[in-house]
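The values are calculated or read from the model by the stated rules, or taken from the named source; none is laboratory data. The model shown is predicted, which means the values in this text are computed figures rather than measured ones. Counting neighbours? That spans all protein chains shown, and the Cβs are built from the backbone with ideal geometry, glycine included.
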Amino acid sequence: MFDSLQHKGRRKILVDSLRRKYSFDSGVLEAMERVPRHMFVEEALDHMAYLDKPLPIASGQTISQPFTVAMQTHLLNLSKYDKVLEIGTGCAYQTAVLAEMGYRVFSIERHKALYIVAQKNLARLDYHTPLLFHGDGFKGLPGFAPFRGILVTCGAPEIPPELLKQLAVGGRMVIPLGEGTQKMVVVERISDEEVKVTEHGEFNFVPMLKGTQ
């Protein structure tokens, strides 16, 4: 597969539709228009790559709906060069969008097969700055903390305590909470002792699970 004019045209139509649905930060939509989503899914799903819907990927997981990717990236509300921890690399589409935002991206994937796919996808598209790890997302990456942003791409039963410890003062964690349908939550660390939690609508994610596979 390659990024043809047809792909770019379909991608622009998708981004224009996202612009009409919500007042996303323009930088988020510009980043998404640069990332070829079709190259993160199986070739058989190429015709569906620019629909605003989730699609299946390896290990029984999904690539998030573009609206969801835009919303989570928008809610991070960070600056270029900020350090971001992503929990749930998947096929690395969201990882690429974060890289296009200019963030320093660290990403954890619990499924070894997906971790390998994600590495290949990013390398093929010359995204060399994100650092990928095969590990347990509940544990985060304490050796690289603190993070200005933490983005969780799976539905968590609660705010993982270890991740909260790794969030810098002034930083933001974007995390879907709940089982079945989740509430999109933003956790802002006000100080070492104080956090502010706000809700931003309902979404559907695969569950966040402990351990690795």
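Being assigned to a strand (DSSP E or B), loosely packed, with under 13 Cβ neighbours inside 10 Å, touching a residue at least 12 places away in the same chain (Cβ under 8 Å) and touching a Lys or Arg at 6+ places or on another chain (Cβ under 7 Å) is true of G170. Of everything listed in (1) assigned to a helix (DSSP H, G or I); (2) of a type in the set (D, E, K, R); (3) on the phi > 0 side of the Ramachandran plot, the single unmet condition for D126 is (1).
Conditions tested, residue by residue: (1) touching a strand residue (DSSP E or B) at 6+ places or on another chain (Cβ under 6 Å); (2) more than 17 Å from V206 (Cβ to Cβ).
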| residue | (1), (2) |
| --- | --- |
| P146 | yes, yes |
| P160 | no, no |
| L163 | yes, yes |
| V174 | yes, no |
| K183 | yes, no |
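The set of residues from the stretch 146-163 being surrounded by fewer than 16 Cβ atoms within 10 Å (Cβ to Cβ) and either of a type in the set (S, T, N, Q) or under 17 Å from V84 (Cβ atoms) (or both) comprises just one member, E162. If you go through the stretch 96-112 one residue at a time, do you hit one that is assigned to a helix (DSSP H, G or I), modelled with pLDDT of 95 or more and under 25 Å from K183 (Cβ atoms)? Yes, some residue in the stretch 96-112 is assigned to a helix (DSSP H, G or I), modelled with pLDDT of 95 or more and under 25 Å from K183 (Cβ atoms). Quick check, is I108 in contact with a Gly (Cβ under 6 Å, 6 or more places away or on another chain) and either within 24 Å of E158 (Cα to Cα) or of a type in the set (A, V, I, L, M, F, W, C) (or both)? Yes, satisfied. Among the residues of the stretch 176-207, those that are in contact (Cβ under 8 Å) with a residue 40 or more places away in the chain, surrounded by 17 or more Cβ atoms within 10 Å (Cβ to Cβ) and either more than 16 Å from the chain's Cα centre (by Cα) or in a strand (DSSP E or B) (or both) comprise M184, V186, F203.
Screening G60 with (1) at pLDDT below 95; (2) of a type outside the set (A, V, I, L, M, F, W, C); (3) crowded, with 19+ Cβ neighbours inside 10 Å gives one miss only, at (3). Looking at R124, is it buried (at least 23 other Cβ atoms within 10 Å of the Cβ), among the charged types (D, E, K, R) and in contact (Cβ under 8 Å) with a residue 12 or more places away in the chain? No: the conditions fail for R124. Residues of the stretch 77-96 that are surrounded by 24 or more Cβ atoms within 10 Å (Cβ to Cβ) and hydrophobic (A, V, I, L, M, F, W, C): V84, L85, I87, C91, A92, A96. Identify the residue in the stretch 44-57 that is free of Cβ contacts under 8 Å to residues at least 60 places away in the same chain and of a type in the set (A, V, I, L, M, F, W, C) and, among all such residues, is surrounded by the fewest Cβ atoms within 10 Å (Cβ to Cβ). Looking at residues that are free of Cβ contacts under 8 Å to residues at least 60 places away in the same chain and of a type in the set (A, V, I, L, M, F, W, C), I get A44. Counting residues in the stretch 93-115 that are charged (D, E, K, R), closer than 19 Å to V186 by Cα and touching a strand residue (DSSP E or B) at 6+ places or on another chain (Cβ under 6 Å) gives zero. Within the stretch 137-151, residues that are over 22 Å from N77 (Cα atoms) have Cβ atoms under 9 Å from residues that are assigned to a helix (DSSP H, G or I) and of a type in the set (D, E) in these pairs: F138/E162; K139/E162; P142/E162, counting only partners at least 6 apart in sequence or on another chain. Cβ-Cβ contacts under 9 Å between residues 6 or more apart (or on different chains), taken from a first residue in the stretch 8-28 that is at negative phi to a second residue that is of a type in the set (D, E) and not in a helix (DSSP H, G or I), are listed as R11/D3; L14/D52; S17/D52; L18/D52; K21/D52.
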